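Note sheet for the following structure.
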Amino acid sequence: LLVLSCGHTGQAEEAMYWLRKLEARGLRPEGRTYLGVVRAWVQRSSDESLSPEERKEAIIAAEKVLTDVLHLSEVAQTKDLDSVYGNDFDYDEDTSGMKLVGLVMSGWINTRFPESAERAHALLERCSALSEKLPDRAWELKPDMIAYTMVVDAYARCYNSNKAMELLNKVRDLEKKGDEKASLTVRFMSSVVCALGNEMRHDVHAARNAVALLDEVIDRYNSNNHPASMPTIFLFNNVLKCCASVNGVDGERTQAFDLAMEVYGKMKPFRRVTPDSYTYNYLLKATTRFVSMRSDRDAKIRAIFEDCAKGGLVNSHIMDRVRRHASPILVDNILNGATSLKALPMEWTINARTTKKNNPRNSRRTNSSGLTP
């Protein structure tokens, strides 16, 4: 209990002291003891008042404790693992194998060091290998989709779509082999698409891959009609982001615009998937970047803006994009001379997402799907 208390308050050195004291007396620490120590170091690694070097030392210390636990797992060879993972007492889910690893993985990912994604990925792979070596503990040690999604999110933040696609192919293979923990969830697929959208190259090939992944999710939903399999607006928006961000020659840009409009069309049959401000912002971005003829561009901007206004989703980003890229005549026509959101009809903006600029409580530039306004 003392070590657990240290874990909740981030007193890492004290938690480590009591762990070593138990070991020095020949006592085997139980699962929650390791949990308290690891949690203390992970909490310390997230303390932004510390220097980057101190934070890195903390998460490395957490990983060292975890490595000791995994080593005990290998040495004990199944039967004696009860004392390691705490099966001899009532424990919460965070003390079981993969959950303890997930705590350290999340610590690495949240620190956002250049090597964070690779370190989290390495832990995932080690647990996967250990689950094969210890079949009696395979269920506890085998990575689940939360772990795979965490690592893909980390790779998305560091612009490494190749690693994200590598993990996608691995999960796909595991699912085909009947792994009960491996499933191409909508959340996981959204993360892979986000990684493609964040790729620095922004080529049309990435956009096609993103649309193909969306089609795969839609096909899965159509085959089972399970609510959990339904594509989400976050997935659609991430695919639109991929399309709207394409760089290339005119032919590729035309293809990217066509893909964006195709994705928008695929959204409509899903009654529970409602476009939001991000949706229309990406559609306008694709239109203003890829449609060169002024008359065609104005017509498409008008149609997209009217859909957006009808849903009450006009925000400052959408309004600014229209003012910058539409013809002066069209701007006056559809905005009725308004120069600010407050001057627009309330029904045009009532459902718009609040942006960081007008919501000081929103401290992150990205939403939960990794999208930027």
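When residues in region 335-356 are screened for being in contact (Cβ under 8 Å) with a residue 24 or more places away in the chain and either crowded, with 19+ Cβ neighbours inside 10 Å or under 25 Å from Met293 (Cα atoms) (or both), 3 of them pass.
From the list Asp332, Asp307, which one is at pLDDT below 95, of a type outside the set (S, T, N, Q), surrounded by 12 or more Cβ atoms within 10 Å (Cβ to Cβ) and outside any loop (DSSP other than H, G, I, E, B)?
Asp332 is the lone residue from the list that is at pLDDT below 95, of a type outside the set (S, T, N, Q), surrounded by 12 or more Cβ atoms within 10 Å (Cβ to Cβ) and outside any loop (DSSP other than H, G, I, E, B).
If the condition is being open to solvent by 10 Å² or more (accessible area, probe 1.4 Å) and assigned to a loop (DSSP other than H, G, I, E, B), then region 217-246 contributes Asn225, His226, Met230, Thr232, Ser245. In region 78-97, the residue that is modelled with the highest pLDDT out of those that are within 22 Å of Met150 (Cα to Cα) and open to solvent by 10 Å² or more (accessible area, probe 1.4 Å) is Ser96. Across region 1-52, the qualifying residues are those that are part of a loop (DSSP other than H, G, I, E, B) and among the aliphatic types (A, V, I, L, M), and the one among them that is modelled with the lowest pLDDT is Leu1. Taken over region 247-270, the criterion of being open to solvent by less than 30 Å² (accessible area, probe 1.4 Å) and either assigned to a helix (DSSP H, G or I) or within 11 Å of Arg208 (Cα to Cα) (or both) is satisfied by Ala256, Phe257, Leu259, Ala260, Val263, Tyr264, Met267. Name the single residue that is nearest to Val69 (Cα to Cα) among those in region 117-134 being open to solvent by 40 Å² or more (accessible area, probe 1.4 Å) and in contact (Cβ under 8 Å) with a residue 40 or more places away in the chain. Among those residues, the one meeting the criterion is Arg126.
Condition first: touching a helix residue (DSSP H, G or I) at 6+ places or on another chain (Cβ under 8 Å), within 21 Å of Ala210 (Cβ to Cβ) and in contact (Cβ under 8 Å) with a residue 60 or more places away in the chain. Can you find one or more residues in region 147-156 that meet it? For region 147-156, residues touching a helix residue (DSSP H, G or I) at 6+ places or on another chain (Cβ under 8 Å), within 21 Å of Ala210 (Cβ to Cβ) and in contact (Cβ under 8 Å) with a residue 60 or more places away in the chain: present. Restricting region 168-185 to residues that are modelled with pLDDT under 95 and open to solvent by less than 20 Å² (accessible area, probe 1.4 Å), the residue that is farthest from Phe257 (Cα to Cα) is Ala182. For Phe188, the test of being under 27 Å from Val151 (Cα atoms), among the aromatic types (Phe, Trp, Tyr), open to solvent by 10 Å² or more (accessible area, probe 1.4 Å) and part of a helix (DSSP H, G or I) is failed. Look at (1) in contact with a helix residue (DSSP H, G or I) (Cβ under 9 Å, 6 or more places away or on another chain); (2) assigned to a helix (DSSP H, G or I); (3) over 29 Å from Ser51 (Cα atoms); (4) without any contact (Cβ under 8 Å) to a residue 60 or more places away in the chain and you find that Asp173 fails only one, number (1).
The values are calculated or read from the model by the stated rules, or taken from the named source; none is laboratory data. Fair warning: this is a prediction, and the values are worked out from it, not measured in the lab. Cβ atoms come from the backbone with ideal geometry, glycine included; neighbour counts cover every protein chain shown. Calculation scope for accessible area: heavy atoms of the full protein, side chains included, ligands and nucleic acids excluded. Shrake-Rupley method; radii C 1.70, N 1.55, O 1.52, S 1.80 Å.
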